[in-house]
Amino acid sequence: MSETTSRLDDVMQRIDADFEGSVDRLCELLRIESVSTDPGHDQQTAACAEHCAGMLEAMGFEAEAVETPGHPMVVAEHAGPTEDAPCILYYGHYDVQPADPIELWDHEAFDPVLTDSEHGRRVVARGAVDDKGQVMTFLEAFRAFKETRGSLPCRVKVLLEGEEESGSPSLDPFLESNVERLKADVCVVSDTGMWDIRTPAITTMLRGMVYVELRVHGPSSDLHSGMYGGAVVNPINELARLLATVHDEHGRVTFPGFYDAVATVPEEVRTQWRELGFDEDGFLSAIGLDRGRGEDGFSTLERTWCRPTCDVNGVYGGYTGKGAKTVIASHATAKLSCRLVADQDPEAVLEGIKEHFRSRLHPECRIEFECHGCNPAISVPTDSSWLTAARGALTDVFGREARLIGTGGSIPAVGSIREILGIDSLLVGFGLDDDNVHAPNEKFELTCLRNGIRSHAAMLEAFAGLR
Ligand code: BES
Ligand code: ZN
């Protein structure tokens with residue numbers, strides 16, 4: 001055991017002794033159906049914010065759920081040992097994705113179940129890993145410090161958002177009007193993954209996103225496909241034709257200017273990634289596939305970490321019920337998102353998307369666009385003393401060096417916190433690739449929960465030595 005962890009013996013013992021309590025508190029949080037995207041869940045989402053504020057308050061934080069035009073922000077603050085102790089802002093989100101398709105869950109999505117796994121035990125519920133279980137990793141570390149030492153080694157601020165899964169519409173205005181209140185030396189985020197169950201990771205690159213819904217309109221009403229079929233434009237056929245033009249034969253996205261600003265990853269970073277020994281076959285076989293598919297000339301890791309993409313996330317129109325109905329629909333819709341990488345301008349990408357579809361549209365059709373999110377890719381500095389301290393703490397806890405990794409996912413708040421508060425983030429997450437993020441049977445391994453709590457305790461102690 002290293003020096004830091006042995007200095008933290010009392011805190012670590014407390015974490016272990018109260019671990020079942022941590023699991024119970026996580027389960028309580030998971031029972032609240034905080035689905036931010038669905039107005040039918042607004043009351044539960046607000047209740048979840050109150051619940052989080054209550055947990056923080058009970059731990060001695062000054063905490064409140066602050067109203068926004070959307071879902072509330074949970075804001076909390078705890079004094080440190082001294083006024084000039086380092087100040088750490090912890091960001092996470094208490095909202096979750098919808099549970100759909102519910103018929104594919106083995107249990108009710110909001111009734112957490114503990115089951116055995118090859119790693120010990122796991123908790124299965126919507127939000128288990130994204131992000132309630134991960135939020136609990138730092139909250140429970142605070143609790144262990146408070147209960148053993150009566151205080152925290154740093155000044156701590158907490159910001160828990162309730163709209164992360166639905167594009168963070170209230171976040172920027174909220175940050176803008178709370179700059180002083182949220183000011184800190186560094187922001188710590190636990191909403192990403194580990195390298196594998198034994199190896200911690202610090203994520204240094206997040207992709208950005210442009211999410212757009214496009215609707216193709218044709219005839220003024222739905223038509224009998226026998227009376228009109230073959231003689232008039234069919235919006236669903238048109239939409240399918242348009243969507244088929246999004247990639248060329250080399251797997252490259254065809255929107256004008258899409259690759260203009262894309263930064264190339266330095267050779268030393270690509271080399272470091274190759275040395276990670278990514279198990280591409282395992283990654284694919286775990287999802288029932290034999291080979292990857294994407295942009296020619298790039299590995300699977302590069303395709304997800306440093307190359308921009310376009311994926312259709314949903315298509316609908318016409319008759320989708322049981323049986324057959326012979327109809328030509330008057331309109332058809334697709335939801336489409338691009339993951340962006342360093343230096344791409346989300347607004348410029350959005351314009352390119354519109355131009356691409358408008359210029360190819362059949363003259364008898366009309367197209368509408370609705371943007372659901374536009375945020376740039378983010379890189380975090382890899383040479384900061386915060387990152388070095390966090391790395392050391394993770395090595396102490398896991399007995400293995402943390403890997404520096406990229407991720408294909410997006411956390412818009414990280415860019416906003418950099419832009420508006422001027423604070424860099426440290427992305428230390430405890431999820432695994434097979435946690436079923438956003439899918440049925442989402443889970444969090446209890447060993448990840450426990451190591452996450454221990455890691456946050458060790459990091460907090462390590463941060464206290466900086467300044
Ligand atoms: N926690 C995820 C981001 C993530 C996913 C990081 C997988 C690492 C691995 C986050 O909550 C999320 O899902 N974000 C959305 C953002 C979108 C709604 C703007 C995403 O990436 O799709
Ligand atoms: Zn998340």
| Is at least one residue of segment 219-235 surrounded by 14 or more Cβ atoms within 10 Å (Cβ to Cβ) and under 20 Å from P308 (Cα atoms)? | no
| field | Qualifying positions in segment 186-218 - among the charged types (D, E, K, R), open to solvent by less than 50 Å² (accessible area, probe 1.4 Å) and farther than 30 Å from R366 by Cβ | value | D191, R207
| How do the strands (runs of 3 or more DSSP E) wholly within segment 280-396 filter down when requiring 1 or more residues that are open to solvent by 30 Å² or more (accessible area, probe 1.4 Å) and out of contact with any Gly (no Cβ under 7 Å at 6 or more places or on another chain): which remain? | 309-317, 366-375
| query | How many residues does segment 299-326 contain that are free of Cβ contacts under 8 Å to residues at least 40 places away in the same chain and more than 24 Å from the chain's Cα centre (by Cα)? | reply | 8
| said: Restricting to segment 343-363, count the residues that are farther than 16 Å from V253 by Cα and either among the β-branched types (V, I, T) or touching a residue at least 12 places away in the same chain (Cβ under 8 Å) (or both). | reply: 4
| said: Considering only residues that are aromatic (F, W, Y) and either within 16 Å of ligand 1 (Cβ to nearest atom) or at positive phi (or both), which ones fall in segment 107-165? | reply: F138
| request: Residue by residue through segment 103-146, note down the ones that are of a type in the set (A, V, I, L, M, F, W, C), touching a Pro at 6+ places or on another chain (Cβ under 9 Å) and under 27 Å from E163 (Cβ atoms). | output: L104, W105, A109, V123, V124, A125, A128
| Is it the case that some residue within segment 415-429 is buried (at least 22 other Cβ atoms within 10 Å of the Cβ), away from ligand 2 (no atom under 16 Å from the Cβ) and assigned to a helix (DSSP H, G or I)? | no
| said: Need pairs with beta-carbon distance below 6 Å; first residue within 16 Å of ligand 2 (Cβ to nearest atom) and within segment 71-100, second of a type in the set (K, R); sequence gap 6+ or separate chains. | reply: V96/R126; A99/R126
| message | Filter segment 147-171 down to the residues that are touching a helix residue (DSSP H, G or I) at 6+ places or on another chain (Cβ under 8 Å) and part of a loop (DSSP other than H, G, I, E, B) and list them by number. | response | S151, L152, P153, C154, G162, E163, G167, S168
| message | Within segment 384-391, does at least one residue satisfy the condition of being of a type in the set (S, T, N, Q) and over 30 Å from G465 (Cβ atoms)? | response | no
| field | Scope segment 130-174; condition more than 16 Å from ligand 2 (Cβ to nearest atom), touching a His at 6+ places or on another chain (Cβ under 8 Å) and of a type in the set (S, T, Y); matching residues | value | S170
| request: May I ask you to list pairs of residues, at least six apart or on different chains, whose Cβ atoms are under 9 Å apart, with the first in segment 197-208 being without any contact (Cβ under 8 Å) to a residue 40 or more places away in the chain and the second being in a loop (DSSP other than H, G, I, E, B) and surrounded by fewer than 19 Cβ atoms within 10 Å (Cβ to Cβ)? | output: none
| field | Matching residues, segment 166-190, being more than 16 Å from ligand 1 (Cβ to nearest atom), touching a strand residue (DSSP E or B) at 6+ places or on another chain (Cβ under 8 Å) and within 16 Å of E67 (Cβ to Cβ) | value | F174, N178, R181
| request: For D383, state whether it is among the acidic types (D, E) and at pLDDT 95 or above. | output: no
| query | With (1) open to solvent by 50 Å² or more (accessible area, probe 1.4 Å); (2) modelled with pLDDT under 95; (3) assigned to a helix (DSSP H, G or I) as the list, and G277 as the residue in question, which single condition is left unmet? | reply | (3)
| request: Inspect segment 219-229 for any residue being in a strand (DSSP E or B), in contact (Cβ under 8 Å) with a residue 40 or more places away in the chain and more than 16 Å from ligand 1 (Cβ to nearest atom) and give the result as yes or no. | output: yes
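The values are calculated or read from the model by the stated rules, or taken from the named source; none is laboratory data. Note that the coordinates shown come from a computational prediction; the quantities given were computed from them, not determined experimentally. Because the Cβ atoms are built from the backbone with ideal geometry, glycine has one as well, and the counts that use them run over all protein chains shown. Note: accessible area is taken over every heavy atom of the protein model, side chains too, but ligands, DNA and RNA are not part of it. Shrake-Rupley method; radii C 1.70, N 1.55, O 1.52, S 1.80 Å.
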